[in-house]
Amino acid sequence: KTLLLKPEDSIHHQNDIGSDIIMALDDVVSSVTDDNERFTIATYRTLRWLDRCYEAHRYPTKQNLFPIVQGGLDTSLGGLREQCLAGFQHRDDHIVGYAIGGLAGGETKDDFWKVVNQCCKALPDTKPRYLMGVGYPLDLVICSALGVDMYDCVYPTRTARF
């Protein structure tokens, strides 16, 4: 059976849970995928879905909705990460904090940190930066130094399995 999760559904479920921070539904592609067209589709779909998430959000004064920066490992000038960040900057009046996503999927540490650095430099210092899917203590240290404020971490769960 196929399950369709729309941006509106995602936001309504998170509204019902009552989380303090909720995430816009994004289209994430494994960072090691070799398909630039798929990354482009995902980046622009993430931007479109963000607008739908804001429209569906029932408790904007009680729950903080963060968009998730996508764009693969493309940190080039005018690349997909920059395009996604620019799209968010046009919506900045509605945004209370930002999440950096699309990582922790097998990319090298250098690529991982390069993306985090680019995002932190482009995102406003006055709003929290949330890094998704961090798995190792060293990443917490390096990424904090780069400007990340908050994390969700798979490390304890991954470690507990062994």
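The values are calculated or read from the model by the stated rules, or taken from the named source; none is laboratory data. Computed from a predicted structure; not experimentally measured. Cβ placement follows ideal geometry from the backbone for every residue including glycine, while neighbour counts extend to all protein chains displayed. In case anyone asks, the SASA skips ligands and DNA or RNA and just uses the protein heavy atoms, side chains included. Shrake-Rupley method; radii C 1.70, N 1.55, O 1.52, S 1.80 Å.
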Given (1) outside any loop (DSSP other than H, G, I, E, B); (2) at pLDDT 95 or above; (3) in contact with a strand residue (DSSP E or B) (Cβ under 9 Å, 6 or more places away or on another chain), number of the condition Y151 does not satisfy: (2)
Residues that are within 22 Å of N64 (Cβ to Cβ) and in contact with a helix residue (DSSP H, G or I) (Cβ under 9 Å, 6 or more places away or on another chain), drawn from the stretch 147-162: G147, V148, Y151, C153
Test: residue in the stretch 39-49 that is open to solvent by 10 Å² or more (accessible area, probe 1.4 Å), of a type in the set (S, T, N, Q) and farther than 23 Å from D139 by Cβ: yes
Failed item in (1) surrounded by 18 or more Cβ atoms within 10 Å (Cβ to Cβ); (2) out of contact with any Asp or Glu (no Cβ under 7 Å at 6 or more places or on another chain); (3) under 25 Å from S144 (Cα atoms), with Q14 passing the rest: (3)
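Yes or no: K109 at pLDDT below 95 and among the charged types (D, E, K, R)? Let's see the steps before the verdict.
On the way: at pLDDT below 95: yes; among the charged types (D, E, K, R): yes.
Yes: the conditions hold for K109.
In the set T2, T33, which member is at pLDDT below 95 and over 25 Å from V115 (Cβ atoms)?
T2
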Residue selected from the stretch 53-91 under the condition among the polar types (S, T, N, Q) and under 23 Å from D34 (Cβ atoms), by the criterion surrounded by the fewest Cβ atoms within 10 Å (Cβ to Cβ): S76
Output for the stretch 2-39, where each listed residue is in contact (Cβ under 8 Å) with a residue 24 or more places away in the chain and among the charged types (D, E, K, R): K6, E8, D20, D26, D27
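Take the residues in the stretch 92-126 that are acidic (D, E) and outside any helix (DSSP H, G or I), then tell me which one is surrounded by the most Cβ atoms within 10 Å (Cβ to Cβ).
Keep residues of the stretch 92-126 that are acidic (D, E), which gives 92-93, 107, 110-111, 125.
Of the ones still in play, those that are also outside any helix (DSSP H, G or I) are 107, 125.
Numbers: E107: 18, D125: 8.
Checking each candidate, the answer is E107.
Filter the stretch 30-54 down to the residues that are assigned to a helix (DSSP H, G or I) and among the acidic types (D, E) and list them by number. Walk me through it before giving the result.
Just the residues of the stretch 30-54 that are assigned to a helix (DSSP H, G or I), to begin with: 36-54.
Across the stretch 30-54, the qualifying residues are E37, D51.
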Failed item in (1) in a loop (DSSP other than H, G, I, E, B); (2) over 14 Å from the mean Cα position of the chain (by Cα), with E8 passing the rest: (1)
Criterion violated by D125 - all others in (1) within 16 Å of the chain's Cα centre (by Cα); (2) at pLDDT 90 or above satisfied: (1)
Some residue of the stretch 71-85 being in contact (Cβ under 8 Å) with a residue 40 or more places away in the chain, farther than 24 Å from L138 by Cβ, within 12 Å of the chain's Cα centre (by Cα) and not in a loop (DSSP other than H, G, I, E, B): yes
